[in-house]
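A.B. asks: One structure, pasted below without further comment.
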Amino acid sequence: MKTFYTFIFIFMLLASMQVSQAQVTYTSRGCTPSGGNPFTSGLCWTKTGTCNASAFPPTSGTISCQVTINVVTEMTVSSLSLGSNVTLRVNTGGKLTITGNLSQQAEQSSIVIVNGGEVVVQGNLVLLSGRSNPKTKMKIDIRNGGSFDVTGGLMDIQNDAELTIDGDGDPLSILNVNSFNFGQRSKVDILSGGAFFVEGDVDYRGNNSSINIYGFFRTAGSVLITGGSGNQLNAFGNAEVIIEQNLDVRGTSDITFGGTSETDIGGDILIAGNSKVIATDQATVYVCGGFPIPCDGNNCSTQEIIQGSFSESCRILPVEFLYTEAKSSNPERYVSLTWSTAKETNNSHFEIERSVDGLNNFIVIGEVQGMGWKDTVTEYDFLDSDLPLTGGSFLYRIKQVDFNGKHTYSRVFSVKVMNIQFTKGVWRAYPNPTNGQQLKVNLLDKSQYDHEPISIRIIHPSFVFNPITVETEYALNEYLSQILPSIPSGVFVIEMAWGQKVEHIKVMK
């Protein structure tokens, strides 16, 4: 009998382990969902795993198995609430736009944005977590060029939530929010290669919450920190911190700027209660307004303590991107990039970079001059018309370069470009060979040509002519008659491009 109960116990243990390890993955695909919501249509997902019966991913409520939602296409949804055991992962080529609110309302859920993936929340972002089980954390993880924009509302991180912004410094992983509230026992880690931009104020009033900065942190408003010990804003290593208005520290909170970090504060440092603001190691804090007189920690008559290297120098803030955007025009086959800055300081120029092969293969394709110093909004644009013939998802980023050579990157954004179709036998060149006195091209297959403008280029082993565009077959032959005498003898190629098609015609002169 004892053996029987032992067997039953082991069987139930193994069964419970199998249930706990069960998982299902939903990967997005191009679709036109009925009702407009891709998260309620099986047409929009490829499913692997069997622990959930639905053809589209469950999001809210309690879910018994691990669910991964992998977004690799562009999707728009009105609102989204993540339940337990759900990981929302936005990867290369993925852009999730939420016109309302995004919330995490259960334990064991996370949002991961990687490899150029993008999430845009036009409402509020709310993280609720852990009151019943403080050891179980909510988490948002942004890394390897991912970007997260909360454009219209508030980012509210409540109790026991975690936010990690990671990267390798090239490109940046970026979180943009309008305003930011911070609850108890929560943590934000901005690691090297990560950047956190807040357009308004940062307010955290609970206990044992911290923002740890190894990368870049900027707020256009003030930072207000109140509460008990452990409520901290800390900078480490080569961190850069920009607080455009006041740093207001109350209660018993400790603020430490360490390493070789540099901090710019556009307003005052305000200290009350038993709070402390400390600069250690090689850290420098630049303050435009006032701050308590530093003391050495031994002869302080009040609890207002500042130690280390503080400077009354008021450094103007660096370039601030308001937005970056790219759009493709398939018939004309070019990509239009636009961006704007709210203010610029020491800004020499922008370098436009493109990659057709992932995040590690960016090349410079153009340069746009900056304004140097400017306190108002500036709009910029760049036209990428020299696109590779093969299409796909192209990645772009904008490198901002100071006059002293320092630089920062914008977020990475992707654009889909259609393939060029290579044809054969649509056009014919004659006479071929040619004696150099006459050469014409005429249309053989009228079904392949719909009176589009024709781009023509002559390619020769010793010389390449710049392409020109003509509107008709007659204009094409007029151009050939003019240029033929200047083409060197030997074999050359007439490259003709129209619409989304290209044909190469080999000619002997």
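Every number here is computed from the coordinates shown, using simple stated rules; none is lab data. These numbers were taken from a predicted model, which means no experiment stands behind them. No Cβ is skipped: glycine too gets one built from the backbone with ideal geometry, and neighbour counts run over all protein chains shown.
A.B. asks: In nanometres, what is the gap between the two model label sites at Ser313 and Tyr430, each 7 Å from Cα along Cα-to-Cβ?
C.D. replies: Result for the modelled spin labels: 7.7 nm.
A.B. asks: At q = 0.11, 0.17, 0.25 Å⁻¹, what is the base-10 log of I(q)/I(0) for region 421-508 according to the Debye formula with one equal point scatterer per Cα and no solvent? Please give it to two decimals.
C.D. replies: With no solvent term, the Cα-only Debye profile gives -0.26, -0.65, -1.48.
A.B. asks: How do Glu312, Glu452, Glu162, Glu74 rank when sorted from fewest to most other Cβ atoms within 10 Å of their own Cβ?
C.D. replies: Placing the least packed residue first, the sequence is Glu312, Glu452, Glu74, Glu162.
A.B. asks: Test of understanding: ordering Met75, Met508 by Cβ neighbours within 10 Å, fewest first, what list do you get?
C.D. replies: If I rank by nearby Cβ atoms, fewest first, I get Met508, Met75.
A.B. asks: Still on this structure, I have one more. Can you compute the FRET efficiency between Glu367 and Asp203 using 1/(1 + (r/R0)^6), with r the Cβ-Cβ distance and R0 = 51 Å? Round to the nearest 0.05.
C.D. replies: 0.80
A.B. asks: Given points 7 Å out from each Cα along the Cα-Cβ axis, report the Glu471 to Leu383 separation in nanometres with one decimal.
C.D. replies: Computed distance between label sites Glu471 and Leu383 equals 1.7 nm.
A.B. asks: Any idea how far apart Thr46 and Lys446 come out in nm if each label point goes 7 Å out from Cα toward Cβ?
C.D. replies: Here the modelled spin labels are 4.3 nm apart.
A.B. asks: Then there is this: Of Met371, Ile352, Ser385, which is farthest towards the positive pole of region 343-385's charge dipole, taken about the Cα centre with +1 and -1 on the beta-carbons of Lys, Arg and Asp, Glu respectively?
C.D. replies: After comparing all options, I get Met371.
A.B. asks: Quick one: Leu154, Leu480, fewest Cβ neighbours within 10 Å first, how do they rank?
C.D. replies: Leu154, Leu480
A.B. asks: Beta carbons within 10 angstrom, averaged per residue: use that to sort the peptides 487-500, 336-349, highest first.
C.D. replies: 336-349, 487-500
A.B. asks: Let me ask something additional. Whole angstrom only: what separates the Cα centroid of region 438-502 from the Cα centroid of region 333-364?
C.D. replies: Centre-to-centre distance over Cα atoms comes out at 33 Å.
A.B. asks: What's the magnitude of the charge dipole for region 421-508 around its Cα centre, counting Lys and Arg as +1 and Asp and Glu as -1 at the beta-carbon? Answer in Debye, nearest 20.
C.D. replies: With Lys and Arg at +1 and Asp and Glu at -1, about 300 debye.
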